[in-house]
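Derivation of every value follows stated rules applied to the coordinates shown; laboratory data play no part. Keep in mind the model is a prediction, meaning the values are calculated, not measured. Cβ placement follows ideal geometry from the backbone for every residue including glycine, while neighbour counts extend to all protein chains displayed.
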Amino acid sequence: MYFYKSFLVGYTSFFDMLNLHFLDAFGNEIKEEISKADRFSRHFVLAGELIFHPRFNLRFGYNFLTRKELVLTDHPALVGFSFGGMLKVKNTEIAIARSIRNIAGGYTCFSVILDTRKILKKRKKVVIE
């Protein structure tokens, strides 16, 4: 990797560092030509959030690197995409997200977040005289 004023301007793939070579069915070496724009885009993840209400939103994203590394040429499907949502009810926030990793599936993340400051808050006693 090359550094210039603390910014990464070079790129070395993991396989180039290991000096691995891929062969086709006839034993010929396969070389993949990667454009500079493609190399540059692999460092980014695009993400967004649609806020319908402060207590409800939808989330989505796209990972360029995951798409390039895990996609099957026969079935590209939605590899690299992720989506999810969040619902907040009183002191509880419930969120679910799905990330598609390959044609076989992906992973789902489910989370429940509790606001313990509001739950454990000491209430003042009211004295009636």
So which residues in the range 103-122 are in contact with a Lys or Arg (Cβ under 9 Å, 6 or more places away or on another chain) and hydroxyl-bearing (Ser, Thr, Tyr), if there are any at all? 107, 108
In the range 28-68, which residues are more than 23 Å from residue 101 (Cβ to Cβ) and surrounded by 15 or more Cβ atoms within 10 Å (Cβ to Cβ)? 57
Please specify each residue of the range 26-63 satisfying the condition of being hydroxyl-bearing (Ser, Thr, Tyr) and within 12 Å of the chain's Cα centre (by Cα). 62
